[in-house]
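Novice: Structure in C-alpha cells, see below.
The values are calculated or read from the model by the stated rules, or taken from the named source; none is laboratory data. Since this is a predicted model, take the numbers as computed values, not measurements. In this analysis, Cβ positions are derived from the backbone assuming ideal geometry, glycine residues included, and neighbour counts consider all displayed protein chains.
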Amino acid sequence: MMLLMLYLIAITAEAMTGALSAGRRGMDWFGVVLIACVTALGGGSVRDVLLGHYPLTWVKHPEYLVLTTAAAMLTVILARWMRHLRSLFLVLDAVGLVAFTLIGCMTALEMGHGMLVASVSGVITGVFGGILRDIFCNDIPLIFRRELYASVSFAAAWCYMLCVYLQLPSEQAILITLFGGFLLRLLAIRFHWEMPKFVYNDEV
Amino acid sequence: MMLLMLYLIAITAEAMTGALSAGRRGMDWFGVVLIACVTALGGGSVRDVLLGHYPLTWVKHPEYLVLTTAAAMLTVILARWMRHLRSLFLVLDAVGLVAFTLIGCMTALEMGHGMLVASVSGVITGVFGGILRDIFCNDIPLIFRRELYASVSFAAAWCYMLCVYLQLPSEQAILITLFGGFLLRLLAIRFHWEMPKFVYNDEV
Amino acid sequence: MMLLMLYLIAITAEAMTGALSAGRRGMDWFGVVLIACVTALGGGSVRDVLLGHYPLTWVKHPEYLVLTTAAAMLTVILARWMRHLRSLFLVLDAVGLVAFTLIGCMTALEMGHGMLVASVSGVITGVFGGILRDIFCNDIPLIFRRELYASVSFAAAWCYMLCVYLQLPSEQAILITLFGGFLLRLLAIRFHWEMPKFVYNDEV
C-alpha cells in the first residue's frame with residue numbers, strides 16, 4: 001500500500017522533471033507529454049521488456065498514463081513557479097529513485113530471478129527513465145556526471161537484498177531500504193559526493 | 001486489402017525519407033539501409049515489443065525488409081531527382097502516418113486492450129519510426145518541433161476509436177479515419193498549424 | 001565449446017572498448033560499467049527482445065555481467081597502457097564481431113526462422129552493441145562511417161547461411177565463417193576498404 005503511494009508520487013515527480021527537460025529544449029506540448037511519460041514509465045518498461053514481464057505496467061494500468069500526462073500539463077501551466085520548488089523536486093526525485101529501485105528488485109525476485117539479476121533490475125528501473133529522457137532530448141545522460149545517483153540506486157538494491165537474505169519481514173525490509181537510500185541520496189546532494197571519474201584521452 | 005496496399009506504400013515512403021536523412025549525415029550504404037529499415041519498421045517493432053505481440057511484423061514477413069532495402073537503394077540512385085519530389089513525399093508521408101496509426105490501433109484492439117492503450121499503440125506505431133531515425137542520426141526528434149504531426153496521429157487514433165465505439169462497419173471506420181487524418185495533416189502543412197510550445201528557462 | 005571461448009573473449013574485448021568510449025566522455029565509474037555492459041551485451045539483448053527469445057543471455061548467465069564489469073574496472077586501472085594495445089584491440093574486436101554474428105545467426109535458426117531473418121539477427125547481434133554505445137555517448141554511430149564493419153558482419157552471416165545450405169558439418173561451417181569474416185575485417189582495416197557513402201544535400 002505505502003509502496004503504491006510512493007510509486008504514484010514518484011511517477012508524478014519524474015513526469016514533472018521530464019516535462020521541464022522538454023521545456024528547456026522548447027518542445028511542443030506533445031513532446032512535453034511524451035518525454036514526461038517516458039521519464040516516469042520508461043525505466044519500468046525497459047525492465048519489463050528485458051525480463052519478458054508482460055503486460056507492462058502502463059498497459060495494465062493505463063490510468064498511470066493519464067496521471068503522467070496531467071502532471072506534464074500541470075508543469076506547463078505552473079512553469080513560472082517551478083524554479084522556487086527546486087528543493088522539493090530533489091526530495092521527490094530521491095523518493096522516486098529509491099521507490100523505483102525497490103519495485104524493480106521485487107519484480108525480478110517475484111519472477112524467480114537470483115539476487116544479481118534482481119539488483120540489476122532495480123537499478124534499471126531506477127535510472128533508465130532519466131537515461132531515456134536525456135537520449136530523447138539529445139543530451140549525454142546526466143546521471144553519469146552528477147552526484148551519486150545510480151550508485152544510490154545500486155546501494156538501495158543491495159540493502160534490500162541483504163534484508164531479504166536476513167529474512168526480515170517484508171515491511172521492515174522496505175522501510176529500511178527506503179530510509180537508507182533516501183538519506184544517502186540527500187547526503188550526496190548536500191555534500192556533493194561524486195563517484196570518481198574515468199577520463200581517457202587517446203591523443204595524448 | 002486496401003490497408004495492406006497503404007501499408008506497403010507507407011513503408012516504402014518512410015524508408016525513402018529515412019535514406020535521405022542518412023544521406024544528409026553522409027553515412028555509407030549500410031547505414032542508409034539500416035536507417036531506412038528502422039524508419040519504416042521501427043514504429044511497429046517498438047509497439048510489438050511493448051505489447052508483447054510476437055512475432056514482429058518483419059520477422060513474420062521478411063519480404064518487407066527486402067522492400068525497404070530496395071527503396072533505400074533506389075533513393076541513393078535517384079537522389080538528384082528527389083528534391084523535385086518533395087511535395088509527393090509529404091503526401092505519401094501523410095498517408096503513411098495515418099495508415100501506421102490505424103494499424104497500431106487495430107493491433108492493440110485485436111489483442112483485447114482498451115481504448116486508451118489502443119490509442120497510445122496507434123501513436124507509437126505512427127511516430128516512433130521517425131523518432132528512432134532522428135535518435136540514430138543524433139538529432140533532436142523533429143516531430144516535436146514541426147507542424148502538427150504526432151497530434152494528427154493522436155487525432156486519427158481517437159477518430160477511429162469513436163467509429164469503433166459507434167459500431168460503424170470496419171470499412172467505414174477505416175475510410176473515415178484515413179481521409180480525416182490525411183486532410184488534417186495536409187491542412188496543417190499548408191497553413192503551418194503548430195502545437196503551442198513550452199519554453200522553460202532555468203537560469204532567468 | 002570453442003564458440004563459448006570466443007564469446008567470452010568477445011564480450012571482454014567489447015566491454016573494454018565500451019569503457020574506453022565512456023572514458024573519452026569523462027563519465028564516472030558507474031557510467032563506465034554501464035556503457036561496458038551495454039556494448040558487450042546490448043547486441044544480443046536487442047536481438048533477443050526483437051525475436052522474443054527469453055530469458056536474455058545475461059539474465060540466464062548473470063556471471064557474464066560480473067565478467068564485463070570486471071573488464072570495465074580493469075580498463076580504468078590499466079588505462080595508461082591501453083593505447084599501446086590498440087592493434088590487439090582491433091584483432092579482438094574483429095573476433096568479437098564475427099563470433100557475435102555467428103551466435104546471432106544460430107540463435108535465429110534454432111528458433112526456426114528463415115535465412116533472411118537469421119542473417120538480420122546475426123548483423124543485429126554483431127553491430128548493435130556498438131550502436132547503443134555510441135547513442136549512449138551521444139555520438140553518431142561510428143559504424144556507419146568506418147571501414148567495412150557492418151558489412152563484414154553481413155558477409156559472415158551469409159557465409160554461414162551458405163555453409164548451412166550446403167549442409168556442411170556444424171564445426172566446419174563455424175570455422176569457415178570465423179576465418180573468412182576475421183580475414184575480411186583485417187584486410188578492410190589494413191587497406192582502408194570502405195563502403196561507398198551517400199551524401200545528400202537538400203539545400204543545393
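Novice: Take the residues of segment B:147-186 that are modelled with pLDDT of 90 or more and more than 20 Å from B:L3 (Cα to Cα): which is farthest from the other protein chains (Cβ to nearest Cβ)?
Specialist: B:L166
Novice: Something else: Among the residues of segment B:29-36, is any more than 12 Å from chain C (Cβ to nearest Cβ) and at pLDDT below 95? Full working, then the answer.
Specialist: Step one: list which residues in segment B:29-36 are more than 12 Å from chain C (Cβ to nearest Cβ), which gives none.
The answer is no; no qualifying residue exists.
Table: residues versus (1) of a type outside the set (A, V, I, L, M); (2) surrounded by fewer than 16 Cβ atoms within 10 Å (Cβ to Cβ).
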position: A:T75; (1), (2): yes, no
position: A:A79; (1), (2): no, no
position: A:G104; (1), (2): yes, no
position: A:D134; (1), (2): yes, no
position: A:P169; (1), (2): yes, yes
position: A:A173; (1), (2): no, no
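Novice: Considering only segment A:73-91, how many residues are touching a Leu at 6+ places or on another chain (Cβ under 9 Å) and assigned to a helix (DSSP H, G or I)? Before the answer, list the steps.
Specialist: Residues of segment A:73-91 touching a Leu at 6+ places or on another chain (Cβ under 9 Å): A:75, A:78-79, A:82, A:85, A:89-91.
Subset that is assigned to a helix (DSSP H, G or I): A:75, A:79, A:82, A:85, A:89-91.
So the answer is 7.
Novice: If you go through segment B:65-84 one residue at a time, do you hit one that is in contact with a helix residue (DSSP H, G or I) (Cβ under 8 Å, 6 or more places away or on another chain), of a type in the set (F, W, Y) and at pLDDT below 95?
Specialist: Let us first name the residues in segment B:65-84 that are in contact with a helix residue (DSSP H, G or I) (Cβ under 8 Å, 6 or more places away or on another chain), namely B:65-69, B:71-76, B:79, B:82.
After this cut, where a residue has to be of a type in the set (F, W, Y) as well, the list is none.
Checked segment B:65-84: no residue is in contact with a helix residue (DSSP H, G or I) (Cβ under 8 Å, 6 or more places away or on another chain), of a type in the set (F, W, Y) and at pLDDT below 95.
Novice: Tell me, please, whether a residue that is buried (at least 20 other Cβ atoms within 10 Å of the Cβ), farther than 29 Å from A:L183 by Cβ and at the interface with chain B (Cβ under 8 Å from one of its Cβ atoms) can be found in segment A:7-23.
Specialist: Yes, because at least one residue in segment A:7-23 is buried (at least 20 other Cβ atoms within 10 Å of the Cβ), farther than 29 Å from A:L183 by Cβ and at the interface with chain B (Cβ under 8 Å from one of its Cβ atoms).
Novice: Any residue at all in segment B:2-23 that is at pLDDT below 85, over 29 Å from C:H192 (Cβ atoms) and assigned to a helix (DSSP H, G or I)? Working first, answer last.
Specialist: Within segment B:2-23, the subset at pLDDT below 85 is B:2-3.
Now restrict to residues that are over 29 Å from C:H192 (Cβ atoms): B:2-3.
After this cut, where a residue has to be assigned to a helix (DSSP H, G or I) as well, the list is B:2-3.
Yes, segment B:2-23 contains at least one residue that is at pLDDT below 85, over 29 Å from C:H192 (Cβ atoms) and assigned to a helix (DSSP H, G or I).
Novice: Filtering segment C:51-77 down to residues that are under 17 Å from the mean Cα position of the chain (by Cα) and facing another protein chain (nearest Cβ under 7 Å), which residue is farthest from B:R47 (Cα to Cα)?
Specialist: C:L65
Novice: Something else about it: Given the residues B:T39, B:T17, which is the only one that is touching a residue at least 24 places away in the same chain (Cβ under 8 Å), touching an Asp or Glu at 6+ places or on another chain (Cβ under 6 Å) and over 27 Å from A:H53 (Cβ atoms)?
Specialist: Details: B:T17 fails: touching an Asp or Glu at 6+ places or on another chain (Cβ under 6 Å).
Step by step, each of B:T39, B:T17 is checked, and only B:T39 is touching a residue at least 24 places away in the same chain (Cβ under 8 Å), touching an Asp or Glu at 6+ places or on another chain (Cβ under 6 Å) and over 27 Å from A:H53 (Cβ atoms).
Novice: Also, quick follow-up: If I ask for residues that are in contact with a Lys or Arg (Cβ under 8 Å, 6 or more places away or on another chain) and not in a helix (DSSP H, G or I), which ones from segment A:24-46 would you list?
Specialist: Listed by number, the residues that qualify are A:G26, A:M27, A:D28.
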